[in-house]
Amino acid sequence: IRIDVVSLFPDFIDQAAAVGVVGRARERGLLTMQGWNPRDYAEGNYRRVDDRPFGGGPGMVMLIEPLRAALAAARAADPGPARVIYMSPQGRPLTQAKVRELAALPRLLLLCGRYEGVDERLLEAEIDEELSIGDYVLSGGELAAAVVVDAVARLQDGALGDAESAVQDSFEGDGLLDCPHYTRPVTHALGQVPDVLLSGNHAEIAKWRRQQSLVRTLERRPDLIDEAALGKADRRLLAAWRAAQGA
Ligand SMILES: O=C(NCc1ccc(CNCc2ncc[nH]2)cc1)c1csc2nc[nH]c(=O)c12
């Protein structure tokens, strides 16, 4: 997948996507990225990229022309069609389902705003969709773009090792929270490793992990699952857990 990012701080995104799974995906050519800075396309001595809002009010608004030129340069760099996304507090909240949809596309063009935002006429003319990463206030769209890059990169074929992707498919695939994890030492002042994980009984281990995920999801994020929609096996695991709690 190719991801072009239009931002006043292109290096920021580049660094956020330089390490770990995303960095490796780029090294493997699974993901190519390019930054485009509207300031490089701004006219005049001061190379303005923003100006005051009509109608008054605080802050500044990003100008149409530098963004339009940066978007045009990005489009020209690769003939393929691109999904153009404006990272915005007014956008639809990003979900893993949306990430899966984006990860399957050949090309994304992410536009990051700063200041109070972007002239609406540019958005109406150029943007396919607006995405937010959550209901909290950031200083600009770059962190949100880096989140999209990370989430999309790890879903590229070959980005995760077999072990990692197997885990990814099992739970994240159906929206449950992850189970607890343990590693050496078996015994520590902070406590013991649950016996089942030391048993070597892989069926029991898988059951325990699924049960932990179900219970955690119900306790911490009941909004994520509808108990009625759970399968018989999952409902049995929950009943067993509740019986054990009750005892
Ligand atoms: O560019 C982003 N934020 C910069 C930013 C933050 C606040 C304001 C000011 N808005 C005034 C207002 N708000 C409500 C009514 N009036 C403008 C721009 C951003 C991109 S994706 C994302 N996802 C989650 N949160 C985010 O902030 C973002």
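Quick note: the coordinates plus some simple rules give every number you see, no bench work behind them. None of the values given here were measured: they were computed from a predicted structure. For neighbour counting, all protein chains shown are included, and Cβ atoms are generated from backbone atoms with ideal geometry for every residue, glycine included.
Once the piece of chain linking VAL137 and ASP223 is laid out straight, how much longer is it, given 0.36 nm per residue of separation minus the C-alpha distance between them?
On the way: separation 86, 0.36 × 86 = 30.96 nm, distance 2.28 nm.
Answer, rounded to one decimal: 28.7 nm.
At 37 °C and 0.692 mPa s, what whole-number value in µm²/s does Stokes-Einstein give for the translational diffusion of the chain, with Rh from the Kirkwood sum over Cα pairs?
Calculated translational D: 156 µm²/s.
Give me the net charge for the shell around ALA243: Cβ to Cβ below 14 angstrom, other residues only, Lys and Arg +1, Asp and Glu -1.
+3
Using r as the Cβ-Cβ distance of GLU129 and LYS207, and R0 as 30 Å, what FRET efficiency do you calculate, to the nearest 0.05?
That pair, GLU129 with LYS207, gives E of 0.15.
What's the longest uninterrupted piece of the chain once you rule out the GluC sites (Glu not before Pro) that are loop residues per DSSP with at most 16 other Cβ within 10 Å?
It works out to 117-247.
At what distance in nm do the modelled label points of GLU101 and ARG39 sit from each other, each positioned 7 Å from its Cα along Cα→Cβ?
For GLU101 paired with ARG39, the spin-label model returns 3.4 nm.
Please work out the FRET efficiency for the pair ASP157 and GLU116, using the Cβ-Cβ distance as r and a Förster radius of 45 Å; give the result to the nearest 0.05. Mind dumping the intermediate values first?
Values: r = 39 Å, r/R0 = 0.88.
Once the sixth-power term is evaluated, E becomes 0.70.
Taking amide hydrogens as modeled 1.01 Å from N in the peptide plane, which residues meet the under 5 Å criterion relative to VAL6, leaving out close sequence neighbours?
TRP36, LEU110, LEU111, CYS112
Which shape class applies to the range 87-142: rounded if a/c is under 1.5, otherwise prolate when a/b exceeds b/c and oblate if not, where a ≥ b ≥ c are the square roots of the Cα gyration tensor eigenvalues? Mind dumping the intermediate values first?
On the way: a/c = 2.12, a/b = 1.28, b/c = 1.66.
Judged from the Cα gyration tensor, the range 87-142 comes out oblate (a/c at least 1.5, b/c at or above a/b).
Starting from the amide H of ASP50, placed 1.01 Å from N in the peptide plane, find each other amide H under 5 Å away whose residue is 5 or more places distant or on another chain.
Answer set, sorted by chain and number: LEU63.
Which chymotrypsin sites (Phe, Trp or Tyr not before Pro) from the range 87-176 combine a DSSP loop assignment with at most 10 other Cβ atoms within 10 Å?
Answer by residue number: TYR136.
Counting pairs of alpha carbon atoms under 8 Å apart in space and at least six apart in sequence, what relative contact order in percent does the chain give? Intermediate values should be presented prior to the final figure.
Values: 345 pairs, mean separation 47.9, N = 247.
That works out to 19 percent.
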